[in-house]
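Data first, discussion second: the structure below is written as structure tokens.
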There are 2 protein chains.
Amino acid sequence: MTLATWIDGARADAMPVPWSGLEQGDGVFETMAVVGGRVRLLERHLARLATGCARLALPLPDHARLRSELATAAAVPGAGVVKLIVARGRPGGAVDGATRLLYAAGPRQRPPAWWSEGVIVHLCALRLAPVPELAGLKHLSRLELRLARAEWTDPSVAEGLLQDVHGAVLCGTMTNVFAVVDSRLVTPDTARGGVAGVMRAALLDAWRAAGRAVQVRELRAAELERAGEIFLTNALVGAWPVRRLGEREFAPGPAVREAQAYVAGWSA
Amino acid sequence: MTLATWIDGARADAMPVPWSGLEQGDGVFETMAVVGGRVRLLERHLARLATGCARLALPLPDHARLRSELATAAAVPGAGVVKLIVARGRPGGAVDGATRLLYAAGPRQRPPAWWSEGVIVHLCALRLAPVPELAGLKHLSRLELRLARAEWTDPSVAEGLLQDVHGAVLCGTMTNVFAVVDSRLVTPDTARGGVAGVMRAALLDAWRAAGRAVQVRELRAAELERAGEIFLTNALVGAWPVRRLGEREFAPGPAVREAQAYVAGWSA
């Protein structure tokens, strides 16, 4: 449920067309959680946006202005999510520069048991293609991910996990994945593909600061079969334990509870 | 230069936001030439649109209504190009169904010598990733193609040719490619990647009907080095001879002149 929309900082309910970048998936975006009227993990979102703009040679929006606009959006009564799109060109036809489209929306409701007991996950048939130029980027050309998401319709399935053509697990359609394999916490290297999530980065930094080793490496689908626990992270949901992947059942373990505790601390 | 815009058949200058499909590259499009106030190769565009919608499980727009809307757009004074986008969801927020965005625009001006003498072509460094689910589709998740297009800024370079990671030539950033190799006319198989262009399909059918063999197969970049002629096709430009690719110079040959003659017949 969208509550308010801004184009380049000005309130708008409609967008002049055409807008070349938006129509060709040429841009980046951030989906941010609003907690207590403020954007959670704001600095990390701004940093990733800057990295994405640099990699796509998109003009970087002024950060002071962005902070102000994001604060305004987060303060909208009822806001639970703020989404920012930066796409090349300008609404109305110009192909130079970049334009930002900002939404404040209500929170996305999900069953509380998805955090406490865990989620059911589908292993997607679609294999992600390797595109080194786009690896890690949160970009707008998401058709592969949308096709993967369309593989299931059962609303009790929360997410789908994606592999590359070599059977390496990369990410979910909207989450990053962690697993405890041979008592070691592992997450895939996003240089191989998938999105470099801000929640993933925040958790990696927190664990490193606490002296806990996390392996960032290739994670094979076969390793998930024997994982002690699996969990999924993103900026909106924090961390979800996986309770079923295909035929295999899992129980929430200590690693996901640690992750959820960190997220709770960042949400205070 | 956009002359007029329609959303689901109604004139509009702006589009309600958000529109989930357009913002995630989840849709297909057709860019059509207007000649004499009518869409050239209309039936082929409609057929490809239907194929694309079916492959993405997008509701197919009603063809009778589409024909009427395209005829209206093509009849706009000064129109040279009509572009139709079909993206999942509805402007304003609903995620079901699909919505069409239609533009009438002026013709794209290019130097006449690009048809008579040929074009200069850049061999792109970016290698297209194999995505079997998307091969041949004219879809909206075009960021790879946009990055490839950004590899050159010299306006005298008309197009960039793209290979896959194995060195097979797939397409240009906006064209299909034909080459005469060992006296045989060859074009890459779009099942490997790239867009299945309507002009490519129309030429293939015309040559087959005339009893001329065209090989649809893998085309290696090394084969282009020794090609007798190379030419590029799309719905808007028809056929351009390549006069330079990298360091190698070519002259327009009889195959591209045949192609141009067919296009002239379809433009009458």
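General observations
- Checklist (1) surrounded by fewer than 22 Cβ atoms within 10 Å (Cβ to Cβ); (2) small (G, A, S); (3) within 18 Å of the chain's Cα centre (by Cα) applied to A:G193, failing item: (1)
- Residues (of a type in the set (A, V, I, L, M, F, W, C) and under 17 Å from A:I7 (Cβ atoms)) located in the stretch A:50-78: A:L58, A:L66, A:L70, A:A73, A:V76
- Residue within the stretch B:59-68 that is part of a strand (DSSP E or B) and either aliphatic (A, V, I, L, M) or at pLDDT 95 or above (or both) present: no
Quick grid of which residues meet (1) at pLDDT below 95; (2) not in a strand (DSSP E or B):
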position: A:A87; (1), (2): no, no
position: A:P91; (1), (2): yes, yes
position: A:L123; (1), (2): no, no
position: A:L126; (1), (2): no, no
position: A:V131; (1), (2): yes, yes
position: A:L147; (1), (2): no, yes
position: A:A158; (1), (2): no, no
position: A:V169; (1), (2): no, no
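- For the stretch A:225-261, filtering for residues that are farther than 20 Å from A:R44 by Cα and either of a type in the set (G, A, S) or in a strand (DSSP E or B) (or both) leaves 17.
- Contacts under 9 angstrom Cβ, first residue in the stretch A:2-24 being surrounded by fewer than 18 Cβ atoms within 10 Å (Cβ to Cβ) and assigned to a loop (DSSP other than H, G, I, E, B), partner among the aliphatic types (A, V, I, L, M) and at pLDDT below 95, 6 or more apart: A:D13/B:A14; A:D13/B:V17
- Enumeration of residues in the stretch B:28-38 that are more than 8 Å from chain A (Cβ to nearest Cβ) and surrounded by 19 or more Cβ atoms within 10 Å (Cβ to Cβ): B:V28, B:E30, B:T31, B:M32, B:A33, B:V34
- The single condition from (1) over 21 Å from A:V131 (Cβ atoms); (2) within 14 Å of another protein chain (Cβ to nearest Cβ); (3) part of a loop (DSSP other than H, G, I, E, B); (4) not charged (D, E, K, R) that A:P111 fails is (2).
- Qualifying residues in the stretch A:121-162 (those that are free of Cβ contacts under 8 Å to residues at least 60 places away in the same chain and of a type in the set (K, R)) - the one nearest to the other protein chains (Cβ to nearest Cβ): A:R146
- Selection count, the stretch B:171-181, where residues are assigned to a loop (DSSP other than H, G, I, E, B) and over 20 Å from A:E144 (Cα atoms): 2
- Scan of the stretch B:85-104 for residues that are more than 8 Å from chain A (Cβ to nearest Cβ) and among the basic types (K, R), ordered by number: B:R90, B:R100
- Checked against (1) within 26 Å of B:E133 (Cα to Cα); (2) assigned to a strand (DSSP E or B), B:D205 passes all but a single condition, namely (2).
- Filtered residues of the stretch B:39-83 (kept if more than 14 Å from chain A (Cβ to nearest Cβ), of a type in the set (D, E, K, R) and in contact (Cβ under 8 Å) with a residue 40 or more places away in the chain): B:R40, B:R44, B:R48, B:R65, B:E69
- Within the stretch A:86-138, being polar (S, T, N, Q) and within 30 Å of A:D8 (Cα to Cα) holds for A:T99, A:Q109.
The values are calculated or read from the model by the stated rules, or taken from the named source; none is laboratory data. Everything quoted here is computed from the prediction, not taken from an experiment. Neighbour counts run over all protein chains shown; Cβ positions are idealised from the backbone, glycine included.
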